[in-house]
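The structure is given below, and queries will be raised subsequently.
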Amino acid sequence: MTDSEGEFEKAGQVRGYRIEADVELSSDWLPASAFTMVYPTMDGAIATAIEGVEDPEVDEVRIVHVATGWVVWRSTDEEFE
């Protein structure tokens, strides 16, 4: 568990993470629904998210904590504009 996950739990927030991207996510072996579901762990969401793009360092995917709306992980180093 990362520090941010622990902070969310301490605050009594509901756990869950969703995937966001500015490009369409798709996979040869995952169903489209895999990119729209809420994941109980950040690690599960990250693994699915990076499968949805050709190059996650170019096509940014983000993991968002559902209860807070905070971006907790992103595949690129770019800052929000």
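The values are calculated or read from the model by the stated rules, or taken from the named source; none is laboratory data. The model shown is predicted, which means the values in this text are computed figures rather than measured ones. Methodologically, a virtual Cβ is constructed for each residue, glycine included, from the backbone with ideal geometry; neighbour enumeration extends over all protein chains shown.
Anything in the range 42-81 that is of a type in the set (S, T, N, Q) and surrounded by 15 or more Cβ atoms within 10 Å (Cβ to Cβ)? List them, or say none.
T48, S75
Return the residue satisfying two criteria in turn: it lies in the range 22-39 and is touching a residue at least 12 places away in the same chain (Cβ under 8 Å) and among the hydroxyl-bearing types (S, T, Y), and of such residues it is surrounded by the most Cβ atoms within 10 Å (Cβ to Cβ).
Of everything passing the filter in the range 22-39, Y39 is surrounded by the most Cβ atoms within 10 Å (Cβ to Cβ).
Assuming Q13 fulfils every condition listed in (1) farther than 16 Å from S75 by Cβ; (2) modelled with pLDDT of 90 or more; (3) part of a loop (DSSP other than H, G, I, E, B) apart from one, which condition is it?
(2)
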